[in-house]
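Remarks on the structure that follows.
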Amino acid sequence: MNVLLWLAYKGTRYAGFQVQPNAPTVCQTLQDAMQAVLGARPDVKGCSRTDAGVHARRFALNFHYDGRVPPERLPLAFNAHLPPDIRVMAARVVPEDFHARYAAHAKTYAYRIRSGAVDDPFDSEFTYRVGASLDLEAMARAAAGFVGTHDFLALCASGSGVAARGDTVRTVTRCTVTRDGAVYTLTVTADGYLYNMVRILAGTVLQAGRGKLDPGEVPAILQSRDRRRAGPTLPAHGLCLLQVDYTL
């Protein structure tokens with residue numbers, strides 16, 4: 001059977017999801033637990049690679065399984081062998097041709113920014129702090145400029161194989177900024193993302209919030225297809241994958 005797992009993990013200690021030769025990853029750690037439970041190391045298909053240090057509230061993956069443990073009992077079985085910063089939240093059987101990456105029609109990320117002189121020790125691993133005061137209205141206006149179907153090459157880090165093939169058009173259906181006290185949260189939903197796209201988008205929105213970029217410049221930045229026109233790539237620890245949407 002083909003099984004879909006939903007994971008939550010804190011990415012601080014890991015070099016992303018995908019297995020790396022010389023660094024611990026979420027996938028490697030999960031497969032270690034799977035081997036302990038199943039006696040085999042299944043091939044895992046993740047919904048995204050996620051960069052080193054990025055977190056996930058709801059990460060999807062699938063694998064094929066013919067063991068004796070009922071799928072609904074797999075989360076507890078795997079969790080018994082996982083470190084506390086990775087948890088399998090749920091499992092279900094899905095159609096045989098389901099693929100966690102290719103079946104996803106939207107993913108939602110959040111980037112958290114704290115405005116203040118001092119980190120909060122209870123959320124500093126999940127929030128990027130800036131000392132400057134921020135203009136919420138300017139940030140929201142800049143974020144709204146990314147909604148729609150655009151060529152996002154200006155928001156793509158160098159070294160992207162997808163960009164090299166010219167596949168840089170994506171559709172953003174939601175891009176908003178909200179404030180809760182000193183924390184500003186950028187939330188983005190799109191049908192796909194380029195390499196470091198959300199972190200660069202967040203950096204661009206932050207520049208608007210600091211008064212260093214006119215929110216009205218966003219369309220011109222996208223049309224330029226020039227990475228130098230967009231904002232900086234913000235650190236990975238402020239980014240979290242919130243949701244992956246499927247038609248099941």
Helix 26-38 sits at what angle to the longest principal axis of the chain, using alpha carbons and giving 0 to 90 degrees rounded to 10? 10 degrees
By the C-alpha gyration tensor axes a ≥ b ≥ c (rounded if a/c is under 1.5, else prolate when a/b exceeds b/c, else oblate), the shape of the stretch 190-240 is oblate
Would you calculate the separation in nanometres between label points at residue 119 and residue 245, each defined as 7 Å from the Cα along the Cα-to-beta-carbon direction? 3.4 nm
If you build a Gaussian network model of the chain, linking Cα atoms that sit under 10 Å apart, which residue out of 53, 181, 131 swings the most? 181
Any idea of the accessible area per residue across the stretch 77-176, 1.4 Å probe, to the nearest Å²? 51 Å²
Accessible carbon and sulfur surface of the chain relative to its total accessible area, %, 1.4 Å: 49 percent
Connecting C-alpha atoms closer than 10 Å in a GNM of the chain, tell me which of 122, 98, 146 has the biggest fluctuation. 122
Per-residue HN-Hα couplings for the stretch 75-90 [Karplus 6.51, -1.76, 1.60; θ = phi - 60°; Hz; x = Gly/Pro]: x, 5, 5, 5, 4, 5, 10, 9, x, x, 8, 10, 9, 7, 8, 6
Relative contact order %, the chain, counting alpha carbon pairs below 8 Å whose residues are six or more apart: 24 percent
Angle between the Cα long axis of helix 197-209 and the longest principal axis of the chain, 0 to 90 degrees, nearest 10? 30 degrees
Scattering profile of the stretch 162-248 from the Debye formula, Cα beads only, expressed as log10 I(q)/I(0) at q = 0.22, 0.24 Å⁻¹, is -1.32, -1.52
Counting sequence-distant residues (5 or more places) and residues on other chains, those with an amide H built under 5 Å from that of residue 213 are 208
What are the ³J(HN,Hα) couplings of the stretch 222-227, residue after residue, when phi is run through the Karplus curve with 6.51, -1.76, 1.60 and θ = phi - 60°? Round to Hz, x for glycine and proline. 5, 5, 5, 6, 10, 4
Sequence-separation-based contact order of the stretch 197-248, relative, with Cα cut under 8 Å and 6+ spacing, percent: 50 percent
Counting sequence-distant residues (5 or more places) and residues on other chains, those with an amide H built under 5 Å from that of residue 174 are 189
Would you look at the GNM of the chain, springs on alpha carbons closer than 10 Å, and say which of 76, 136, 201 moves the most? 76
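The values are calculated or read from the model by the stated rules, or taken from the named source; none is laboratory data. Everything quoted here is computed from the prediction, not taken from an experiment. Please note: Cβ atoms are built from the backbone with ideal geometry, for glycine as well, and neighbour counts cover all protein chains shown. For the accessible areas, the whole protein counts, side chains as well, though only heavy atoms, and no ligand, DNA or RNA atoms are used. Shrake-Rupley method; radii C 1.70, N 1.55, O 1.52, S 1.80 Å.
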